[in-house]
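Peer 1: Quick one: the structure is below, and I'll ask about it shortly.
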């Protein structure tokens, strides 16, 4: 595991031990050759969260999985946490949420997503025997979404090549002032496909729809999260917990376009900050459907019309160039 110390700018490396049955974690500081964290239960950390490239949070520290600890672990994870890749074509963008939901219902974790103009949307998918499992799903996917809707990796090597092509391409975005930002928070990532489908399926009283024009996976460190949430400091009593939640793992930023005042319209679709209130006054909203509490409330959305361009620029321009 690696952790970037925000104060010193140094990268710290740890040996990370995990017990799936009890969700216990133990960490050893490799540089100083001493115990860093004694065996401690981390209830929020599951086995499916651990794979190469994953970012997990342990006591507010973002740790990145960079290599296997030994040959046995590498051999075991080579099949049990295998990485495959799928691409949903641009012509099937309306079905993107449904496609992702099909993957998630079949046991895949979405490790990364990136929408690229001219290429479609790339999805890094992790599961036991992911490559063969994904290939076996292709006939069913073609039956539901069309023969040219989804392409999948044929091997582990092909998956790495496909992912590299998407990683180096710029993320799709409009950034023209007519869009708003939606963050599918770490606590709602298991419902990513359903959230995205609900967004593109929603209409208001005038029949106006939303279109997802940008999508990318991010993992914010605490410094970036504090910067992004700065406007809530001293205003939201849950400010510190909000920062903890958004840095607890990977999440997906969506750039959402629509007619009229898209920021206000999308805020209505998101619903009240408190999911309990959302279920009472706006039961069809995103937070009513997928939220747990005022912190784990499924999504962040832009609050003020003048901030729509600022927030989308932050994720799809500033963080891309950082």
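Peer 1: Could you please let me know if residue 225 is assigned to a loop (DSSP other than H, G, I, E, B), modelled with pLDDT under 95 and either outside the structural domain of residue 302 (by TED's automatic domain parsing) or in contact with a helix residue (DSSP H, G or I) (Cβ under 7 Å, 6 or more places away or on another chain) (or both)?
Peer 2: The answer is no for residue 225.
Peer 1: Another question, then. When you check residue 97 against the structure, is it in contact with a helix residue (DSSP H, G or I) (Cβ under 6 Å, 6 or more places away or on another chain) and within 26 Å of residue 228 (Cβ to Cβ), yes or no?
Peer 2: Numbers: in contact with a helix residue (DSSP H, G or I) (Cβ under 6 Å, 6 or more places away or on another chain): yes; within 26 Å of residue 228 (Cβ to Cβ): yes.
Yes, satisfied.
Peer 1: Tell me which residues, restricted to segment 184-205, are touching a residue at least 12 places away in the same chain (Cβ under 8 Å), part of a loop (DSSP other than H, G, I, E, B) and either out of contact with any strand residue (DSSP E or B) (no Cβ under 8 Å at 6 or more places or on another chain) or over 18 Å from residue 257 (Cα atoms) (or both).
Peer 2: Result: 185, 204.
Peer 1: Can you tell me which residue is surrounded by the most Cβ atoms within 10 Å (Cβ to Cβ) among those in segment 254-280 that are part of a loop (DSSP other than H, G, I, E, B) and touching a residue at least 24 places away in the same chain (Cβ under 8 Å)?
Peer 2: So, considering only residues that are part of a loop (DSSP other than H, G, I, E, B) and touching a residue at least 24 places away in the same chain (Cβ under 8 Å), the one surrounded by the most Cβ atoms within 10 Å (Cβ to Cβ) is 273.
Peer 1: Here is a follow-up. Considering only segment 51-93, how many residues are assigned to a loop (DSSP other than H, G, I, E, B), at pLDDT 85 or above and either in the same structural domain as residue 146 (by TED's automatic domain parsing) or surrounded by 17 or more Cβ atoms within 10 Å (Cβ to Cβ) (or both)?
Peer 2: Counting residues in segment 51-93 that are assigned to a loop (DSSP other than H, G, I, E, B), at pLDDT 85 or above and either in the same structural domain as residue 146 (by TED's automatic domain parsing) or surrounded by 17 or more Cβ atoms within 10 Å (Cβ to Cβ) (or both) gives 2.
Peer 1: Quick check: is even one residue across segment 208-217 under 21 Å from the mean Cα position of the chain (by Cα), crowded, with 20+ Cβ neighbours inside 10 Å and part of a helix (DSSP H, G or I)?
Peer 2: Checking segment 208-217: not a single residue is under 21 Å from the mean Cα position of the chain (by Cα), crowded, with 20+ Cβ neighbours inside 10 Å and part of a helix (DSSP H, G or I).
Peer 1: Another question, if that's okay. If I ask for residues that are assigned to a loop (DSSP other than H, G, I, E, B) and within 12 Å of residue 63 (Cβ to Cβ), which ones from segment 6-35 would you list?
Peer 2: Listed by number, the list is empty, since nothing qualifies.
The values are calculated or read from the model by the stated rules, or taken from the named source; none is laboratory data. Nothing here was measured: the structure is a model prediction, and the numbers come from that model. All Cβ positions, even for glycine, are placed from backbone atoms using ideal geometry, and neighbour counts span all protein chains on display.
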